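Asker: Once you've had a glance at the structure underneath, I'll fire off some questions.
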Amino acid sequence: MTPIWERLPDYNALSARAATILLESVRNEPDIVLGLPTGRTPLGMYQRIVAQCAREYHRFKEVTTFNLDEYARIPREHEGSYATYMRRNLFDHVDVQKTHIPNGMAPDLDEECTRYEQEIADAGGIGLTFLGLGRNGHIAFNEPGTPFSSRTRVVELSESTRAANAEFFPDREPPSQAITMGIGTILESKRIVLLAMGSTKHEAIARLRSRKVDASFPASALWTHRHVHVLLA
Ligand code: GLP
């Protein structure tokens, strides 16, 4: 299948479209396994899902979720952790029960990565993954140069990624490491939806649009996947 490239008029439209894709997928497949992103971009999608669920009951009980990444050595309760983000923006508002986020506080982080991959395999793999786009083209926390075959592992964050996320850590230095699904892990998802918006992403979007597959631009790995849907605003 050719990748679908869809331009939406604005951020609201992008968020509404992404929320519809997610909710329709859950409706069609109540026990779907979802890969979920964090960051500013998917906030509108989560808001719409929560609002929809308040208006009309949507069953998330059988849904399983796997987050793409989590900071290392940041307690789950910290304001900047992705565990906090997910609780606030989705998990506290829907009846989802089977949620998974890498444990950045695990005593042995490498073991945690192996465990996470195993959990994904035990769930039967991921059916639909939503992704944001980093300014330098990163997906999850796979920075430029990451092999497309990479698996869940501990990574060093680039200075630009740390700077982009520094506002979420007003009380301390932004974390320098994270656990992330690998590009290979992400590409095994049956379907992928990439969300990209904002003036800080123009360069990354232009590179993506060129469709040149190159490890120096991690998001270009998506062009090797058969079922990718790109939503742009
Ligand atoms: C972080 C996340 C990515 C996300 C990226 C872009 O680095 N780990 O998964 O896609 O930020 O975030 P934003 O949507 O805030 O621009």
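Read the figures in this text as sums done on the coordinates, not as results from a lab. Nothing here was measured: the structure is a model prediction, and the numbers come from that model. For neighbour counting, all protein chains shown are included, and Cβ atoms are generated from backbone atoms with ideal geometry for every residue, glycine included.
Asker: With +1 on the Cβ of every Lys and Arg and -1 on the Cβ of every Asp and Glu, and nothing else charged, how large is the dipole of the stretch 29-177 about its Cα centre, in debye rounded to the nearest 20?
Answerer: Numbers: 16 positive and 23 negative charges, 101 e Å.
Once rounded to the nearest 20, the dipole reads 480 debye.
Asker: Related question: With equal scatterers on the alpha carbons only and no solvent term, can you work out the Debye log10 of I(q)/I(0) for the stretch 1-99 at 0.12, 0.15, 0.19, 0.22 1/Å?
Answerer: -0.41, -0.64, -1.00, -1.25
Asker: Here's something else I'd like to know. Over the chain, what per residue volume does the convex hull of the Cα atoms give, in whole Å³? Write down the numbers at each step before the final one.
Answerer: Numbers: hull volume 27.2 nm³, N = 233.
Dividing the Cα hull volume of the chain by its residue count gives 117 Å³.
Asker: Positive end of the charge dipole of the stretch 38-81 (Lys, Arg +1 and Asp, Glu -1 on Cβ, about the Cα centre): tell me which of 49, 64, 39 has its Cα farthest that way.
Answerer: Of the options given, the answer is 49.
Asker: Please state the equivalent ellipsoid semi-axes for the stretch 61-146: what are the square roots of 5 times the Cα gyration tensor eigenvalues, largest first, in whole Å?
Answerer: 19, 17, 16
Asker: For residue 61, list the aspartates and glutamates whose Cα falls under 16 Å from its own Cα; do not include residues on the same chain fewer than 8 positions away.
Answerer: Answer for residue 61, where 16 Å is the Cα cut-off: 24, 29, 31, 92, 95, listed by chain and number.
Asker: Any idea what the relative contact order of the stretch 1-81 is, in percent, if you count C-alpha pairs under 8 Å spaced at least 6 apart?
Answerer: With pairs under 8 Å counted, the relative contact order is 34 percent.
Asker: To continue, here is another question. How big is Rg to Rh over the stretch 114-233, alpha-carbon atoms, Rh as the Kirkwood inverse-mean-distance radius?
Answerer: In the stretch 114-233, Rg relative to Rh is 0.96.
Asker: Sticking with this one: How much of the DSSP beta bridge set in the chain is antiparallel, as a percent to the nearest 5?
Answerer: On the way: 8 of 30 bridges.
About 25 percent, rounded to the nearest 5.
Asker: Counting only complete DSSP H runs, which helices of the chain cover 24 Å or more along their long axis at the Cα atoms and score a mean Kyte-Doolittle of 0.0 or above?
Answerer: 11-28
Asker: Follow-up. About the Cα centre, and with charges only on the beta carbon of Lys, Arg (+1) and Asp, Glu (-1), how big is the dipole of the stretch 128-220? Nearest 20 debye, please.
Answerer: Roughly 500 debye, rounded to the nearest 20.
Asker: Taking K and R as +1 and D and E as -1, what net charge do the other residues with C-beta under 12 Å from the C-beta of residue 44 add up to? Mind dumping the intermediate values first?
Answerer: Values: positive: 17, 40, 48; negative: 10.
Residues close to residue 44 contribute a combined charge of +2.
Asker: According to the Cα gyration tensor, what semi-axes, each the square root of 5 times an eigenvalue, does the equivalent ellipsoid of the stretch 185-228 have, listed from largest to smallest in whole Å?
Answerer: Equivalent ellipsoid of the stretch 185-228: 19, 13, 8 Å, largest first.
Asker: To the nearest Å, what is the center-to-center distance of the stretch 1-57 and the stretch 84-140, using C-alpha atoms only?
Answerer: 17
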